[in-house]
1. Please give the charge dipole size of segment 12-87, origin at the Cα centre, charges +1 on K and R Cβ atoms and -1 on D and E Cβ atoms. Round to the nearest 20 debye.
2. Rank Met60, Met83 by accessible area, highest first, at a 1.4 Å probe radius?
3. Starting from the Cα-Cα distance between Ser62 and Ala40, subtract it from 0.36 nm times their residue separation and give me the gain in nm to one decimal.
4. Report the calculated FRET efficiency for Leu158 and Glu69 (r = Cβ-Cβ distance, R0 = 35 Å), to the nearest 0.05.
Amino acid sequence: YLRTATRAKCDTYILLPPAPQWQCFRLPQGRHLPAGPLVADGDGRYFTSTVASHKITVGMSSDGGRSWEQAALPAGGEVVNVMLRASARYHRLAVATHVRDAQHRSAFHVELLDTSGPRPRLLHDYLLGAGDAVLSTSISEAAKTNNPRFDFPSVAFLPDGRLVAAFTDHQHSPPQMAVLEPPRCQTRPEFFALGPCAACELGNRCNRRR
């Protein structure tokens, strides 16, 4: 699938054989796919995300995009970029976000959602690093400011179900990788480390026992 700008003939194109050619794609009854990134898991569920007013809305469809169930996630600032990764094996969706505050300091979040039910459900919200780096989010901005460039976040599922994600801050530069472990029950934020890298789970409380 290919998403296009609003001036294009179609919002979404699909590349079809035998002679590969891009054609307009619509859902049944001519409905459009939701805007934003689109990924699918191995069971055929679709996931997408939209951003508005410092809030991220994640959509999940189990019927080929005909209907969608949604979950709202706090972004924690101006959203620069969002990346989605889905795992059918673990029934999980990872949402990695790069956000900036009013002082243009970047922070990197990873939200882990349960997708085994009828709608996505937030399990854990991780903050990666200190969130204190002033970064460029494009080549042109980097050329003007000389700030390090870091635009889109990266996240992936490891074979054992853990998450690995990229981040950077004032201390961890160039960008580092953090492996996120399932948090244990405690009343303060919990940190996970791989070498010099750390991630903090936000809002971890004992009533969230796994």
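1. Details: 6 positive and 5 negative charges, 32 e Å.
That gives segment 12-87 a dipole magnitude of about 160 debye.
2. Accessible-area ranking of Met60, Met83, largest first: Met83, Met60.
3. On the way: separation 22, 0.36 × 22 = 7.92 nm, distance 0.99 nm.
The span from Ser62 to Ala40 would gain 6.9 nm if fully extended.
4. Working: r = 27 Å, r/R0 = 0.77.
So, using R0 = 35 Å, E works out to roughly 0.85.
The values are calculated or read from the model by the stated rules, or taken from the named source; none is laboratory data. Just so we're clear, the structure is a prediction, and the values are computed from it rather than from any experiment. Neighbour counts run over all protein chains shown; Cβ positions are idealised from the backbone, glycine included. Each accessible area value is taken on the protein alone, full model and side chains, heavy atoms only, with ligands, DNA and RNA left out. Shrake-Rupley method; radii C 1.70, N 1.55, O 1.52, S 1.80 Å.
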